[in-house]
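Participant: Right, I'll just put the structure down here and ask away after.
The values are calculated or read from the model by the stated rules, or taken from the named source; none is laboratory data. Just so we're clear, the structure is a prediction, and the values are computed from it rather than from any experiment. Virtual Cβ from ideal backbone geometry, glycine too; neighbours counted across all protein chains shown.
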Amino acid sequence: MSETAIRTEGLRKVYRTGFLRRAFVGLHGLDLEIPRGEVFGLIGPNGAGKTTTLKLLMGLNSPTSGTAQILGEPIGSMRAMARVGFLPERPYFYDYLTATEFLHFYGQLHGMPRARRIDMIDRLLPLVHMERARDTQLRKFSKGMLQRVGIAQALMNDPELVVLDEPSSGLDPMGRLLIRDIVRDLKTKGTTVLFCSHVLSDVEEVSDRVGILIAGKLQDVGTVDELVGKRETTVEVTLHGLTDDLVAELPLQPHRVSSRGHHIFEAADHSAARALVAAAVERGGELFGYVARRESLEQHFMDEATSVERQDREAGVR
Ligand SMILES: Nc1ncnc2c1ncn2[C@@H]1O[C@H](COP(=O)(O)OP(=O)(O)O)[C@@H](O)[C@H]1O
Ligand SMILES: [Mg+2]
């Protein structure tokens, strides 16, 4: 069995656009190796080439040049796809199917027998907090609900590799935390996860390594600590619906109260933030915002983006 989940060598995609078929480089020769069991977060601004990369790996788009293997098989091969789960950027949902029917449909595509499909659906719907909507038609779902069902779909075949394109998109703060928990659970099981986001805080907490993709080029790869050096992380937690008496019982006191009556806390790290959220929710409070501040990674990222933009402008590439 291959110890490498994903390997790419010089993977490159050139798009031809417009009437004049002008060449546009979506991805410049990507060299990347992701070992099995790793959680890899690909970050980059809109248009960086994240979706292009994931689609190439999923065999949904063919590379202009270069090669790649997933789970030891060439990209696009049926043998590889049977062991992969994928959440596309814009999943297609069959409006008139219920959540359960939709998952059965995907299970059938994977050739899963009925009993196993039922078993997986019973496990996955609670995992994405959708058991109450199991018999509701997808056309009645909000964006966040669809995203949750999309994630359940990506896990339906109990994949060895899970690839998620912007899994937190459209989700509220609770939904974003849920995604991080799901990714963490997958990691505990030894599943490899490759996901991308343009939101740093979605990626940095759960990723073993992070890749920074800007203008189609992988600028940097490493653990968050390697990329920015060991620095303090603080988490800003915004809670709603708490009385002063309840606030007094919390493990942390608010930094300030907003004009709309939200209590804003500055937690020293994620575990302190989680303890605070748990205590507040238990007392009837509502989580309104959860933002990790690693200003240094943010700064690192912005610096890279600015310098790449400048170089490309000077070279007349973009
Ligand atoms: N099918 C396509 N034809 C032409 N250009 C494309 C196509 N798909 C993506 N692009 C361009 O390639 C760049 C990277 O896109 P994408 O991979 O979707 O970025 P990201 O997911 O990081 O936001 C963008 O500038 C986008 O406009
Ligand atoms: Mg994208």
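Participant: Within the stretch 75-96, which residues are touching a Gly at 6+ places or on another chain (Cβ under 9 Å), within 16 Å of ligand 2 (Cβ to nearest atom) and either modelled with pLDDT of 90 or more or farther than 20 Å from Cys196 by Cα (or both)?
Facilitator: Listed by number, the residues that qualify are Leu87, Pro88.
Participant: Go through the stretch 30-57 and count every residue that is out of contact with any Cys (no Cβ under 6 Å at 6 or more places or on another chain) and within 13 Å of ligand 2 (Cβ to nearest atom).
Facilitator: 13
Participant: Still on this structure: Does the stretch 36-44 include one or more residues that are within 8 Å of ligand 1 (Cβ to nearest atom) and more than 22 Å from Ser77 (Cβ to Cβ)?
Facilitator: Here is the first cut: in the stretch 36-44, the ones within 8 Å of ligand 1 (Cβ to nearest atom) are 44.
Narrowing the set further to residues that are more than 22 Å from Ser77 (Cβ to Cβ) leaves 44.
Yes, the stretch 36-44 contains at least one residue that is within 8 Å of ligand 1 (Cβ to nearest atom) and more than 22 Å from Ser77 (Cβ to Cβ).
Participant: Starting from residues that are out of contact with any Gly (no Cβ under 8 Å at 6 or more places or on another chain) and touching a residue at least 24 places away in the same chain (Cβ under 8 Å), keep the ones in the stretch 9-35 and report whichever is farthest from ligand 1 (Cβ to nearest atom).
Facilitator: Of everything passing the filter in the stretch 9-35, Pro35 is farthest from ligand 1 (Cβ to nearest atom).
Participant: Give the residues of the stretch 183-214 that are within 16 Å of ligand 1 (Cβ to nearest atom) and either touching a Pro at 6+ places or on another chain (Cβ under 9 Å) or modelled with pLDDT of 90 or more (or both), sorted by residue number.
Facilitator: Result: Leu194, Phe195, Cys196, Ser197, His198, Asp202, Val210, Gly211, Ile212, Leu213, Ile214.
Participant: Follow-up. Kindly indicate which of Leu11, Leu27 is of a type in the set (A, V, I, L, M) and within 16 Å of ligand 2 (Cβ to nearest atom).
Facilitator: Result of the check over Leu11, Leu27: Leu27.
Participant: Which of (1) on the phi > 0 side of the Ramachandran plot; (2) free of Cβ contacts under 8 Å to residues at least 12 places away in the same chain is the odd one out, the single condition Lys140 does not satisfy?
Facilitator: Going through (1) on the phi > 0 side of the Ramachandran plot; (2) free of Cβ contacts under 8 Å to residues at least 12 places away in the same chain one by one, Lys140 breaks only (1).
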